[in-house]
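The block underneath contains the structure these notes are about, expressed in structure tokens.
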Amino acid sequence: MGMPAVIVFSLAAIALMVALIRLTGIARPVRLDTDQVRQAITEHYEGARIDRIVLGRDGKGALVYLAGDPAVVLVRALGDRMSVRPVSREVLKALTQKNDDLIFVLHDITWPPQHLRLADADRCKAEAASLHAALDGASREDQAGA
Amino acid sequence: MPEFLKDINVTTLAAPFFIALIILEILYIRFARRGGEYEARDAATSVFMGLGSSIIDGLLGFISFGILMLAYHFAPYKLPVNWLTGAICFVLVDLSYYVAHRYYHRSRWGWAAHVIHHSSQHYNLSTALRQTWSGLLTGAFLLYVPIALLGFHPLLIGFCFGLNLIYQFWFHTEVIDKCPRWFEAIMNTPSHHRVHHANNPRYLDANYAGVFIIWDKLFGTFVAERQDDPPRYGLVSDLGTFNPLRVATHEYAGIVKDITRPGLSLKQRLAYIFAEPGWCHDGGRKSSRQIKAEYVARHPEHAGQPGL
């Protein structure tokens, strides 16, 4: 098989496979709830105590406050799985708000900007303030520890 | 050199069978309601990574082949190609694969290329095709130079390497639980390789074998799959994207970010490139050894078990 044939064959194979997975319905996209978020946290931070979970309305993301290190964790639904990232002052590149979306941009190319859809714009402002307070607290603890 | 070894790329020839088996696996999971899971974007990323790998290998394969030919030129004795030398070459290639694979996991430079193969949270036949785009950069092909110096023709080495990769396809599955005991004792199997793809602390850095699991048993890296600790697949820190470009390059980006940090010594910068994955000068990340040690500290009753 020449290179063009390999490319055409592979792209056709991808299309066929994706169609088959969708048609058979074997993939079940995750819609995050508190139980799933707790499970993700337990798997990644065994024994961690969860202070608070802020779930996105669309079930695609969550912001989790922990008692300890890390103090703040992002959870995102990734297809039928979940992925988790600790958030710190150093990792957080930008936190912006657009209507009822809180948008997290991390210094991490494996983590595209994450939208956390909340109830309304006021809730976004309140969560942003809580997050900054938590990150400042964690940062102070790190410095004290060092 | 037999003509059939020229212009033959066994992995490309096997591609239609790979796709056919993936389709069969999807149908099996659908109708048997067991045997693993598929996610469309995850599987598409895996096959796309395989396509990229084939293209890059096709374009740059002459470099590694050229170096093997150079080594073969200096071989004091050129072995004939027959069933016996073919079989010996296959075993030697598998041993070299074990060493290369161990290097991929124990040095961040190797890991930066190989992490792609472990970046899916699924374990199915499509995962087998999720291959690196930067294998040449690792220099791991140099581990096959001794085989050429022994007098095995590079075309035979390449052929055996292709067969090795083809063998490795079928065991990326949860459809098969355990194989017959004698087979599990000698050969790499779905059960052994599930352990290799798992991020449970006890399973990290285990079962590097390609075809023969005996290498892991000989060199102390074998860990058996346990029913009381089912494998969780993926990375210690899973990716948050299916984007193939990010999947292919993220560890290199991490290396660049780390070595350009201010205030590091040259030794620390080199360690960020070549030390074990997770090495960190300030304890901000953990290597698999540290992850295992912390797990044992939390679960002292598991201390001394295989992998811990």
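The values are calculated or read from the model by the stated rules, or taken from the named source; none is laboratory data. The model shown is predicted, which means the values in this text are computed figures rather than measured ones. Every residue, glycine as well, gets a Cβ built from its backbone with ideal geometry; the counts of neighbours run over all protein chains shown. Keep in mind that these areas ignore ligands, DNA and RNA; they rest on the heavy atoms of the full protein, side chains included. Shrake-Rupley method; radii C 1.70, N 1.55, O 1.52, S 1.80 Å.
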Checklist entry - Considering segment B:205-221 alone, what residues qualify as being open to solvent by 10 Å² or more (accessible area, probe 1.4 Å) and touching a strand residue (DSSP E or B) at 6+ places or on another chain (Cβ under 8 Å)? => result B:212
Checklist outcome for this item: Within segment B:134-152, residues being crowded, with 21+ Cβ neighbours inside 10 Å and part of a loop (DSSP other than H, G, I, E, B) number 1
Checklist entry - Of the residues B:197, B:193, which single one is under 25 Å from residue A:111 (Cα atoms) and under 21 Å from the mean Cα position of the chain (by Cα)? => result B:197
Next on the checklist: Can you find a residue that is more than 23 Å from residue B:125 (Cα to Cα), open to solvent by 80 Å² or more (accessible area, probe 1.4 Å) and not in a loop (DSSP other than H, G, I, E, B) anywhere in segment B:43-63?
Outcome noted: yes
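Matching residues to (1) closer than 21 Å to residue B:108 by Cβ; (2) of a type outside the set (Val, Ile, Thr); (3) buried (at least 20 other Cβ atoms within 10 Å of the Cβ):
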| position | (1), (2), (3) |
| --- | --- |
| B:223 | no, no, yes |
| B:237 | yes, yes, no |
| B:243 | no, yes, no |
| B:246 | yes, yes, no |
| B:253 | yes, yes, no |
| B:261 | yes, yes, no |
| B:264 | yes, yes, no |
| B:267 | yes, yes, no |
| B:273 | yes, no, no |
Next on the checklist: Here are the criteria: (1) among the polar types (S, T, N, Q); (2) assigned to a helix (DSSP H, G or I); (3) buried (at least 23 other Cβ atoms within 10 Å of the Cβ). Tell me which single one residue B:120 does not satisfy.
Outcome noted: (2)
Checklist entry - Across segment B:178-200, which residue is farthest from residue B:278 (Cα to Cα) among those that are open to solvent by 20 Å² or more (accessible area, probe 1.4 Å) and either assigned to a loop (DSSP other than H, G, I, E, B) or in contact with a Leu (Cβ under 8 Å, 6 or more places away or on another chain) (or both)? => result B:180
Checklist entry - All but one of (1) farther than 17 Å from residue B:9 by Cβ; (2) modelled with pLDDT under 95 hold for residue B:91; which doesn't? => result (2)
Item to check | Residue under evaluation residue B:251, criteria (1) on the phi > 0 side of the Ramachandran plot; (2) touching a residue at least 24 places away in the same chain (Cβ under 8 Å), criterion not met | outcome: (1)
Item to check | Conditions (1) closer than 20 Å to residue A:70 by Cα; (2) away from chain B (no Cβ under 13 Å); (3) in contact (Cβ under 8 Å) with a residue 40 or more places away in the chain; number of the one not met by residue A:118 | outcome: (1)
Checklist entry - What's the number of the condition residue B:102 fails, among (1) within 14 Å of chain A (Cβ to nearest Cβ); (2) surrounded by 17 or more Cβ atoms within 10 Å (Cβ to Cβ)? => result (1)
Checklist outcome for this item: Across (1) surrounded by 14 or more Cβ atoms within 10 Å (Cβ to Cβ); (2) away from chain A (no Cβ under 14 Å); (3) not in a loop (DSSP other than H, G, I, E, B), residue B:75 clears everything bar (3)
Next on the checklist: Only one of A:42, A:24 is polar (S, T, N, Q), touching a Lys or Arg at 6+ places or on another chain (Cβ under 8 Å) and within 14 Å of another protein chain (Cβ to nearest Cβ). Can you tell me which?
Outcome noted: A:24
Next on the checklist: Taking the criterion of being touching a residue at least 12 places away in the same chain (Cβ under 8 Å), buried (at least 19 other Cβ atoms within 10 Å of the Cβ) and closer than 24 Å to residue B:41 by Cα, would at least one residue in segment A:86-100 satisfy it?
Outcome noted: no
